[in-house]
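The values are calculated or read from the model by the stated rules, or taken from the named source; none is laboratory data. Just so it is clear, the structure is predicted and the values come from calculations on it, not from any experiment. Counting neighbours? That spans all protein chains shown, and the Cβs are built from the backbone with ideal geometry, glycine included.
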2 protein chains.
Amino acid sequence: VSPLPATVGIVGLGLIGGSLARDLAGLGARVVAVERDPASLHAARAADILHAGGAEPELLDDAGAVILALPPRTAVGMLPGLAPHLRRARWVTDVAGTKTSILAAARAAGLGPRFVGSHPMAGGTGSGFGASRAGLFRGARVYLCAGEATADVAAATHGFWERLGGVCVPIAAGEHDRRCAWASHLPQFAATTLAATLHRAGIDTTDLGAGGRDATRLAASAAALWTELAADNGGHLAAALEALHAGLGDLLAALRSGDAAAVAALLEEGRRWRGGEMDAAANPAEPDRGR
Amino acid sequence: VSPLPATVGIVGLGLIGGSLARDLAGLGARVVAVERDPASLHAARAADILHAGGAEPELLDDAGAVILALPPRTAVGMLPGLAPHLRRARWVTDVAGTKTSILAAARAAGLGPRFVGSHPMAGGTGSGFGASRAGLFRGARVYLCAGEATADVAAATHGFWERLGGVCVPIAAGEHDRRCAWASHLPQFAATTLAATLHRAGIDTTDLGAGGRDATRLAASAAALWTELAADNGGHLAAALEALHAGLGDLLAALRSGDAAAVAALLEEGRRWRGGEMDAAANPAEPDRGR
């Protein structure tokens, strides 16, 4: 296991950045944070997890590793301005739910050999430093896109996430973005559209049973983050949404023609795939359950 | 509070019927159960909650109250054959997720004045006696459709569910079926169609994060039950599915034209409606969370 650098920089003290700061401080690292929001900085200082923090990127000058904990387009936009302050960083990574654009931006900024794209599948619908907590990444899948990184840098990033309890899955950026369009972004927008549909029909959240609360829970996710993810993964997401749209069209046709066998077959397909008891086996911790 | 009859009949020992039998036995009632499946009867006898059980409707002859714990079309189909054995029953009710058809069937069977349609919103995705448990209805909303029932019968049914911890909501059958098409049946079929879509795209359930697991959890529901509910509420359900289908079409158009403002507005609408922290307040118990 490669050692943790003495000083680790984090850009963005939201749910993910704040949780990283808590874990890193707990491991004894000096955490320096770049964050524009005074309230988040104040809260992080009150939690006694920062060595230094402020809006100025010079704070990163001495960091041996730097993590961009930002939405994907924000990260791409900030990277050129941050790059001059990443000279001491042995490795640099990010945490966004899309990976192609940030790898291209890292290469353009001359960081290719030292940059690995990370995507920890953790966080739930909370947002902001107030929702951060220690141990957030324990048991979470972490996709790692090494791109042009050296083997040393890839191994260091891998080791870093494993120290936080993550389960690392190396993957090419294009395949990551395609898979996450289906497995992560489609469920988000299905839940969001379902919620908006119920809202417009005059249904109140108190009318939902436990199943309806589950199906719409993701709608509470941070809108600004998901607007960026949708824009950044628009092509793959549109393909996934098109398939869901077509599936609903088929179901509508079956209902209208009284084709109970087709309705039953769809229900059976979903049931076989989802299973009744997969939750406990797949992720005993279910870290963001209930948010 | 009207007293519980000494003998209560239950038709169907699935998740709901089995849970009712457990609660009623716990309250000291003699439970007689009509159930065709020998394994369910065996399990209920092993749980020591039955006074008598078997396939023959004559078991209900002495019951002072009878509950049909069956899918809606099964209940409608069985009611004429059961009616001659409900003469001693002071009140008769059911538990299905649609209410118009069963009220019509009860009236046709001459049970109108003694029949109230019930819909306890409890159960989750489990099914069968093996998924039943005591206390299932504690804190659950129970819709009550009194139809042509006498005031005494309506009050007795109301009192019965309150004794099991239910929160009763009287409602007209037509309004119930419309509201549940949106608040219950639409989330079910959204989750089912989402699951089938992910299955066809080659996504594995282990690729899901906690949010994706939430959004697809309902897909694990019992297919036979939901085939009946869809058939029995087809008109209202088609209207709700049509609205979701149109909403997804609008989102697709926004994505394809790069209209980030429209995507952001949809996300914000869903977030405002669903809220981030409504779960704990709405239902502290969340009885079927995690199934």
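Numbers below:
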| quantity | calculated |
| --- | --- |
| Sole residue being at pLDDT 95 or above and not in a helix (DSSP H, G or I), chosen from B:GLY135, B:GLY124 | B:GLY135 |
| Among residues of the range A:168-199, those that are at the interface with chain B (Cβ under 7 Å from one of its Cβ atoms) and of a type in the set (Val, Ile, Thr), counted | 3 |
| Residue match in the range B:176-186 (condition: crowded, with 21+ Cβ neighbours inside 10 Å and in contact with a Cys (Cβ under 8 Å, 6 or more places away or on another chain)) | yes |
| The listed residue being more than 21 Å from A:GLY234 (Cβ to Cβ) and either in contact with a Ser or Thr (Cβ under 8 Å, 6 or more places away or on another chain) or free of Cβ contacts under 8 Å to residues at least 12 places away in the same chain (or both), out of A:PRO187, A:PRO113, A:PRO120, A:PRO170 | A:PRO113 |
| Pairs where the first residue, in the range A:80-109, is buried (at least 24 other Cβ atoms within 10 Å of the Cβ) and the second is of a type in the set (Asp, Glu), C-beta under 7 Å, 6+ apart | A:THR98/A:ASP177; A:THR98/A:ASP232; A:LYS99/A:ASP177; A:ILE102/A:ASP94 |
| Residue satisfying condition, being at pLDDT below 95, over 14 Å from A:ALA215 (Cβ atoms) and assigned to a helix (DSSP H, G or I), within set B:ALA243, B:ALA281 | B:ALA281 |
| Enumeration of residues in the range A:200-239 that are surrounded by 19 or more Cβ atoms within 10 Å (Cβ to Cβ), more than 7 Å from chain B (Cβ to nearest Cβ) and assigned to a helix (DSSP H, G or I) | A:LEU225, A:GLU228, A:LEU229, A:ASP232, A:HIS236 |
| Single residue of B:ALA89, B:ALA75, B:ALA104 found to be over 21 Å from B:ALA181 (Cα atoms) and modelled with pLDDT of 95 or more | B:ALA89 |
| B:LEU59 of a type in the set (A, V, I, L, M, F, W, C), over 23 Å from the mean Cα position of the chain (by Cα) and crowded, with 20+ Cβ neighbours inside 10 Å | yes |
| Those helices (runs of 4 or more DSSP H) lying entirely in the range B:1-114 with at least 2 residues among the polar types (S, T, N, Q) and closer than 26 Å to B:GLU228 by Cβ | B:100-108 |
| For A:ASP288: the one exception among (1) crowded, with 18+ Cβ neighbours inside 10 Å; (2) within 22 Å of the chain's Cα centre (by Cα); (3) at pLDDT 95 or above | (3) |
| Any chance A:LEU266 is at the interface with another protein chain (Cβ under 7 Å from one of its Cβ atoms) and either assigned to a loop (DSSP other than H, G, I, E, B) or over 23 Å from A:HIS185 (Cβ atoms) (or both) | no |
